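Scroll down for the structure; my scribbles are underneath it.
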Amino acid sequence: QQQRLSGADYQYALPKHYERIFPTIAKEIEEEYLTFMTQPTASSQEPPIRKATAVVYQRHARQFAGWFLKNAESTEKLNMDIIRSTSALEEKEREMDKSALQQCKDFSIRSIIPSKDATSAQ
């Protein structure tokens with residue numbers, strides 16, 4: 001029999017101070033995604049959303065990325081086991097393994113959702 005977890009029993013978000021561990025995804029969520037949602041563009045059919053609404057969507061993006069980090073299988077480009085174990089280390093310990101550190105730095109929205117260009121190249 002499977003135990004059912006409530007929302008309070010399961011933490012989805014990325015680790016605290018995740019921008020130090022995952023600078024690429026931090027920039028994508030905290031800067032690029034915010035700009036995309038709140039700044040008008042000529043090609044957009046909808047008006048930009050308010051910053052208060054965008055902040056909620058950023059939180060959802062961080063939660064999804066945290067869930068992905070905990071549950072995803074490794075790919076040929078991304079070793080999720082290394083990323084999970086490295087992100088759990090203290091900062092000084094992380095600095096010792098340059099390859100694992102690079103995997104964390106490479107963790108990106110594009111790791112989770114490949115771009116149209118990346119999928120057409122396969």
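Sort the following peptides by mean Cβ neighbour count (other Cβ atoms within 10 Å, averaged over residues), highest first: 56-63, 22-29.
Values: 56-63: 14.6, 22-29: 19.5.
Ranked by mean Cβ neighbours within 10 Å, highest first: 22-29, 56-63.
Spin-label model, TRP67 to ALA52: label points 7 Å out along the Cα-to-beta-carbon direction sit 2.6 nm apart.
First compute the accessible area of the stretch 43-122 with a 1.4 Å probe, then give the percent of it belonging to carbon and sulfur atoms. Write down the numbers at each step before the final one.
Values: 3030 of 5860 Å².
With neighbouring chains kept in place, the figure for the stretch 43-122 is 52 percent.
The label point for ALA42 and the one for ASN79, both projected 7 Å from the Cα toward the Cβ, are 4.6 nm apart. Assuming charge only on the beta carbon of Lys and Arg (+1) and of Asp and Glu (-1), the dipole of the chain about its Cα centre is about 300 debye to the nearest 20.
The modelled label-to-label distance between LEU89 and LEU101, using points 7 Å beyond Cα along the C-beta direction, is 0.9 nm. Exposure check, 1.4 Å probe, all protein chains in place: THR41 carries approximately 80 Å² of accessible surface. With contacts taken as Cα pairs under 8 Å and at least 6 residues apart, the stretch 61-122 reaches a relative contact order of 29 percent. In the chain, a dipole from Cβ-located charges (positive for Lys and Arg, negative for Asp and Glu) runs towards its positive end, and of PRO15, ILE82, TYR57 it is TYR57 whose Cα lies farthest in that direction.
The values are calculated or read from the model by the stated rules, or taken from the named source; none is laboratory data. As the structure is a prediction and not an experimental result, all values here were calculated from the model. Backbone-built Cβ (ideal geometry, glycine too); neighbour counts: all protein chains shown. Note: accessible area is taken over every heavy atom of the protein model, side chains too, but ligands, DNA and RNA are not part of it. Shrake-Rupley method; radii C 1.70, N 1.55, O 1.52, S 1.80 Å.
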